[in-house]
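**Student:** Structure in structure tokens, see below.
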Amino acid sequence: MSREDGTTAPRKRSVGAHYLRYSSASLLVMVAGLVSFPLLTRLLDNTQYGILGYYETWLMIGVAVAKLGAQHAILRFYPYQDEARALPGFATNMFLLPLLVSCGIWAVGITVFACVDWFGGVSFSPVLWMAVMMVPLQVFVSLVQMVLRAGEHSGVLMVTRVAWRWLELVLMVGAVAWLERSAMAAYGGKMLAAGIVVVFYVYWVRKHLSFSRQLDWSQMRRTLGYGMPLVVNEIATVLLISIGRLMLKGITGDFAAVGIFTIGYSLALQVSLLMSAALSESFIPVANRSWETGGAEAVRALKAKVLFPMTYASVGIAVAIGCIGSEAVQAISGADKAPSGAVFAWLGALYALYPLLEIGGYGLLLHKRSRTVLYMTLAATALNALLNLWLIPAHGYLGATWATVASFSVLGFGLYLLCPRDLRYRPDLRAWSVAGGAGLAFVLAVEGSGLFGLASPWARLFAAGGLWVLLYVLPVLMLDARLRDLARHWRTRSAA
């Protein structure tokens, strides 16, 4: 399909093609995380790692506010049916205009922030200053990536995301190893990597997006009307993820406890990156397009196609992490980081299973019921805070972990039950039964054998891996012919 400017629009691909790209990118990003994770956890003590995670939370909140919900509007109102003619106006009024407004608000905010620091007698941490300076860079990158995602430019997004993460790894670890073993040095490397990515995205925008000279403020109001409830929802989601760090620091006053929680949570987020983020990025644009062109029936067919293999993957990874998550942390980060193992085991299993609810219950946003999503997220965040107040004084970082698991579970089931009935889809019962039975056999074998009395974390990991293949992977392949057919189909497509 050719556009009016002579360029060729990208051919739309299936959700499977996008998922392969996004999951490949997520896998490479996850590998980068698994490389940087042991290096940074060994170079930084629990206190410095806690400082890094603590101020990273404030950065995420600042970016969520500064985006003004534009990223959600970009994804929902992208001109799927008339892309060639409508894209310039869309780029102007739903990308450029919100970006300019956001930068203006940030400029006012940074001025006030500086006045408070210089004249108000308050001395902010240098790491906090660096986080504040990162906000406009992260906003720009986020909006460009959402344009790429909505336009289904998954190849470009895959390459840039992987390059950014590996560049960030090199610069952060290099700064900590050769300049100073501190959170400030790590953040400096993070800022430099973001700056390089911004330069490339500016080049991409200038080459691929054209802008009209007419600013349509009604589109800005449309963006705010749809996106602002989701901004509050995003802030609530950030708090849902990170409130444990903030409340651990507030209740215990100990950055080391924050560090233990952050280390385990950071490794769990790698699971989310592979399982949930890649799936969401590939699923949602195609689901939106399916909704616009085929209605609820097309969306349910898409969910059935996605959730069948996802059921086996989610259950298998969840039981593996739940059983040997502690050994994984010790093997990667050393024996002194062993307390973070329980955090990873709980949260890693949660993030492995969450996509089943997330995809099966996707539908409220298709009906533009963003306020319902917001209210559920706020309720889950409030529950998390209340549970933290109860559990942290008695159980420390484990209390924060249990509070997070409980609140995320409430959120997932709540959104699933509130999803309109014609869009709600539960995992295949046969797949769920086979996966559950094989997972239970694996758990009983690990707990019953004690992994043969092995002491080394690496030896226990390899032994558990062998049991997982023998008692989970092979049985599900033997018991469900549909899974074998799907695997053969994927191999055929890969060969082609």
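**Student:** Counting alpha carbon pairs within less than 8 Å and at least 6 residues apart, what relative contact order, in whole percent, applies to the chain?
**Tutor:** Computed over the chain, the figure is 20 percent.
**Student:** Right, here's the next one. Using only Cα positions of segment 360-496, each an equal point scatterer, no hydration layer, compute I(q)/I(0) via Debye at q = 0.18 Å⁻¹ and quote the log10 values to two decimals.
**Tutor:** Reported log10 I(q)/I(0), two decimals: -1.06.
**Student:** Quick one: of K207/K303; K207/K305; K207/K368; K67/K207, which pairs are farther than 25 Å apart, Cα to Cα?
**Tutor:** The answer is K207/K303; K207/K305; K207/K368.
**Student:** Under a 1.4 Å probe, what is the accessible area of the chain per residue, stated in Å²?
**Tutor:** Values: 21480 Å² over 496 residues.
Dividing the accessible area of the chain by its residue count gives 43 Å².
**Student:** Using the Karplus equation 6.51 cos²θ - 1.76 cosθ + 1.60 (θ = phi - 60°), what ³J(HN,Hα) coupling, rounded to whole Hz, does each residue of segment 97-109 give in order, writing x for Gly and Pro?
**Tutor:** 4, x, 5, 5, 5, 4, 5, x, 5, 5, 4, 5, x
**Student:** Could you tell me the center-to-center distance, by alpha carbons, between segment 131-167 and segment 305-343 in angstrom?
**Tutor:** Value for the Cα centre distance between the two parts: 27 Å.
**Student:** For segment 376-386, what does the Karplus curve 6.51 cos²θ - 1.76 cosθ + 1.60, with θ = phi - 60°, yield as ³J(HN,Hα) per residue in whole Hz, taken in order and with x for Gly and Pro?
**Tutor:** Result, rounded to whole Hz: 5, 5, 4, 5, 5, 5, 4, 4, 4, 4, 5.
**Student:** Here's a follow-up. What's the carbon and sulfur percent of the chain's accessible surface, probe 1.4 angstrom, rounded to a whole number?
**Tutor:** Details: 14450 of 21480 Å².
With neighbouring chains kept in place, the figure for the chain is 67 percent.
**Student:** How much accessible area does E447 have with a 1.4 Å probe, in Å² rounded to the nearest 10?
**Tutor:** Accessible surface of E447 is approximately 120 Å².
**Student:** Further, regarding this structure: Under 1.5 on a/c is rounded, so check that first for segment 101-197, then, if it is not, pick prolate when a/b is larger than b/c and oblate when it is not; a ≥ b ≥ c are the square roots of the alpha carbon gyration tensor eigenvalues. Walk me through the numbers on the way to the answer.
**Tutor:** Working: a/c = 4.72, a/b = 1.29, b/c = 3.66.
Oblate.
**Student:** Rounded to whole Hz and in sequence order, give me ³J(HN,Hα) for segment 407-419 from the Karplus expression 6.51 cos²θ - 1.76 cosθ + 1.60, θ = phi - 60°, writing x for Gly and Pro.
**Tutor:** Listing the rounded values in order: 6, 5, 5, 4, 4, x, 5, x, 5, 5, 6, 7, 4 Hz.
**Student:** While we're looking at this one, here's another question. Which value, in debye to the nearest 20, describes the size of the charge dipole of segment 329-471 about its Cα centre when Lys and Arg Cβ atoms bear +1, Asp and Glu Cβ atoms bear -1, and nothing else is charged?
**Tutor:** Using Cβ point charges on Lys, Arg, Asp and Glu, segment 329-471 gives about 460 debye.
The values are calculated or read from the model by the stated rules, or taken from the named source; none is laboratory data. Since the model is a prediction, treat every value here as computed from it, not as a measurement. Every residue, glycine as well, gets a Cβ built from its backbone with ideal geometry; the counts of neighbours run over all protein chains shown. For the accessible areas, the whole protein counts, side chains as well, though only heavy atoms, and no ligand, DNA or RNA atoms are used. Shrake-Rupley method; radii C 1.70, N 1.55, O 1.52, S 1.80 Å.
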